[in-house]
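**Q** One structure is given below, represented as structure tokens, and several questions about it will come after.
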Amino acid sequence: MSLPQQVHVKLGVVVKLTAVIFYVMAAVSVASALVVVFARSPMRCAVGLMGTFLGLAGIYVLLHAHLIAVLQVLVYAGGVTVLFAFVIMMMRQGQQMRYPGPFMPVRILSILTLAYLVYLAGPVILEVQRLKEALPDGYGTVRLVGEALFSKAVVPFEAAGILLLVTMVAAISLIGRGAGRKKEGGA
């Protein structure tokens, strides 16, 4: 069973189904990002972050970058968001956060920043539309990403792996030192 490629609207306008799915995924991403920014509970922020990651994964699927979409779901929506949730629970930060300061300057600066970002995004969007047709066949597939990783980018790929290993060993040793200090101080 295949999906229809076009949906006819009452006014006779033909809308491509991929455009409808894109706008739904974009709305989910933006709404979830707003939850991250405006929610007072840290756990709600983490759930909003997961929604943003899942919406972006849907957009990656529409771009035919299936490997990136799967990695987005596994690494970011699964791993990073769960890690954030564990950190929030470990720090006992479930209570709502309140900012006692003045809100008007922050809101004005936020609106000005958003207007500037829209101004900057215009040329980028036009350039993306121009370059979209120049993508090679199979762009974003596992095969092409694997070939790029293990031929052109093998040294940076291995360097990133070593960096992650060193970071993990350092974090474990710091945790071990902290646990040893607690035992000495408590005894």
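**Q** Nearest 0.05, what FRET efficiency do VAL154 and ALA26 give at R0 = 35 Å with Cβ-Cβ as r? Please report the intermediate quantities before stating the final value.
**A** On the way: r = 35 Å, r/R0 = 1.01.
The calculated FRET efficiency here is 0.50.
**Q** Quick one, what does Rg over Rh come out to for segment 22-164 if you take C-alpha atoms and the Kirkwood Rh? Before the final figure, lay out the partial values.
**A** Details: Rg = 19.0 Å, Rh = 18.2 Å.
That ratio equals 1.04.
**Q** Gain in length, MET91 to GLU147, computed as 0.36 nm per residue apart minus the alpha-carbon separation, to one decimal in nm?
**A** Numbers: separation 56, 0.36 × 56 = 20.16 nm, distance 4.22 nm.
So the extension gain works out to 15.9 nm.
**Q** Students often check this: by mean Cβ neighbours within 10 Å, which of 30-43, 64-77, 145-158, 111-124 ranks highest, and how do the rest follow?
**A** Details: 30-43: 14.2, 64-77: 16.2, 145-158: 11.6, 111-124: 9.6.
With the highest mean Cβ count within 10 Å placed first, the list reads 64-77, 30-43, 145-158, 111-124.
All of the numbers you see were taken from the coordinates with simple rules; none came from a lab. Bear in mind the structure is a predicted one, so any value in this text is a computation, not a measurement. FYI the Cβ positions are ideal-geometry reconstructions off the backbone, even for glycines, and counts take in every protein chain you see.
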